Amino acid sequence: MTDSAQLPLQIIYHDNDLVAINKPNGLLVHRSPIAADADIFAVQLLRDQLGQKVFPVHRLDRKTSGVLLFALNEEMNSLMQQQFQDGKVEKTYHAIVRGYAPDELDIDYPLKKEDGTIQEAFTSLRTLARTEVDFAIGKHPTSRYSLVELKPTTGRMHQLRKHMAHIFHPIIGDRPHGCNKQNRYFKEQFGLNEMMLHASEITFSHPSNMRLETLRAPFQKNFIAAMNLLRIYFIL
């Protein structure tokens, strides 16, 4: 877990059936064989914080911060997982990317799984702010960046990261899909090593009463620091 992680975990929603946290960058949801170096997980931390068993109903990348939802019983876990699988949960992310992104763009670009299977993948992009700062990272004396809103309607592994790299606007801090020069510059010059991708909001139908719920997670400190550094002025 990175230094940006704050304990106890920030709880943004809690009722008898569900609890949501604002997951810090660098925190794994649960134990994974592809991240053998980690020994702290959101499931374990939240279980200990609440004093009861919790069930993650969806996933966020280790490097992604933001809304992470848990069920507090097996029945609710099953019902919520089904909503995610059926594409009935609306997800909104924010990212800081290289270059001036288009005003709006629908990215319809299939992605390949590790076993070679091709999966449809769709993301809607909207640019919220653009900035140009005097960072001479490449051959130009200045560098351009955008704050974008991303709404995926499919949930493929690393979908947003791959889609932004595909349209040549990689997310700052993304490894391996991003720009090594940009990532190195932000780390060495400003101490910012985190990926600038934040799960800002999810909207779903609460299984206990069918009421529409919208949960929002404020930006983490490192995301705010990057926006201030780049002179991006936007309030979530």
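Some values worked out for this structure:
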quantity: Residues located in segment 1-34, provided they are under 18 Å from the mean Cα position of the chain (by Cα), aliphatic (A, V, I, L, M) and at pLDDT below 90; calculated: MET1, ALA5
quantity: Test set (1) within 26 Å of ASN22 (Cβ to Cβ); (2) part of a loop (DSSP other than H, G, I, E, B); (3) touching a helix residue (DSSP H, G or I) at 6+ places or on another chain (Cβ under 9 Å) - ILE137 fails condition number; calculated: (1)
quantity: Residues of segment 86-127 classified as of a type in the set (A, V, I, L, M, F, W, C), more than 21 Å from ARG144 (Cβ to Cβ) and within 19 Å of the chain's Cα centre (by Cα), total; calculated: 4
quantity: Some residue of segment 98-105 being of a type in the set (Asp, Glu), at pLDDT below 95, under 24 Å from THR153 (Cα atoms) and loosely packed, with under 14 Cβ neighbours inside 10 Å; calculated: no
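The values are calculated or read from the model by the stated rules, or taken from the named source; none is laboratory data. Treat the numbers as computed from the prediction; the structure is a model and nothing was measured. Positions of Cβ are generated from backbone atoms using ideal geometry, with glycine treated the same way; all protein chains shown enter the neighbour counts.
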